[in-house]
1. Quick one: work out the % antiparallel among DSSP beta bridges in the chain, nearest 5.
2. What's the magnitude of the charge dipole for the range 44-120 around its Cα centre, counting Lys and Arg as +1 and Asp and Glu as -1 at the beta-carbon? Answer in Debye, nearest 20.
3. Mind scanning LYS113/LYS135; LYS26/LYS67; LYS26/LYS135 and naming the pairs with a C-alpha gap bigger than 23 Å?
4. What whole-number distance in Å separates the alpha-carbon centres of the range 1-46 and the range 98-161?
5. Does the range 19-118 come out rounded, prolate or oblate by the C-alpha gyration tensor, with a ≥ b ≥ c the root eigenvalues, rounded set by a/c under 1.5 and, if not, prolate when a/b is larger than b/c and oblate if not?
6. Hey, what does the equivalent ellipsoid look like for the range 72-161, semi-axes from the Cα gyration tensor as sqrt of 5 times each eigenvalue, largest first, whole Å?
7. Please get the size of the charge dipole for the chain, origin at its Cα centre, with Cβ charges of +1 on Lys and Arg and -1 on Asp and Glu, quoted in debye to the nearest 20.
Amino acid sequence: MAKSKLLIIWHSRTGGSRALAAAAAKGAGDAASLMPAADVDPADLLAAPGYLFVGPENLAALSGAMKEMFDRCYYPCLGRLEGRAYATIICAGSDGENAQRQLDRIATGWRLKRVADPMIVNTDAQTPEAILAPKTIPPARLAEARDLGAALAEGLAAGIF
């Protein structure tokens, strides 16, 4: 991966986070690299100037696959990512705040710099059937993710962050 590319790391179980990550990647165009959390290794993080983390909130926390990526990469990257830009998109069935807090705490440990407000997409999935069902993200929220991807890529290219 080229050093100039925004790394969009995603995990999705029911499609919502995947759709949001794809929309962000579309907005960033060739300036982004889209990777599932399970495929990310420390070298990928070290090669990127900035990150967009996109994942679901599961049981009031980051999804296990997203957390596992952080667990696997945290110490090899510690002390080597300071000041790099990051932003987040959380797809949640309710408020998403706990997953957001958890991710921000990890980013704080890496000394990343938040460059965009957190984006939380609430699907209102509250029953077991709704929670497990494939998610459809409203077009306006996909457009918001697309615009976030474009803004992050442009900001990195321009050296703003």
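Every number in this text was worked out from the coordinates using simple rules, so none of it is lab data. These figures come from a predicted structure and were not determined experimentally. Using ideal geometry, Cβ is built from the backbone for each residue, glycine included, and neighbour counts are taken over all protein chains shown.
1. Details: 2 of 25 bridges.
Beta bridges within the chain, antiparallel portion: roughly 10 percent.
2. On the way: 9 positive and 9 negative charges, 66 e Å.
Here the size comes out at about 320 debye.
3. Details: LYS113/LYS135 30 Å; LYS26/LYS67 25 Å; LYS26/LYS135 19 Å.
Among LYS113/LYS135; LYS26/LYS67; LYS26/LYS135, the Cα-Cα distance tops 23 Å for LYS113/LYS135; LYS26/LYS67.
4. Centre-to-centre distance over Cα atoms comes out at 12 Å.
5. Working: a/c = 1.45, a/b = 1.13, b/c = 1.28.
Here the range 19-118 falls in the rounded category.
6. Working: eigenvalues 150, 68, 18 Å².
With the √(5λ) rule applied to the range 72-161, the semi-axes are 27, 18, 9 Å.
7. Working: 17 positive and 17 negative charges, 69 e Å.
Using only the charged Cβ atoms, the result is roughly 320 debye.
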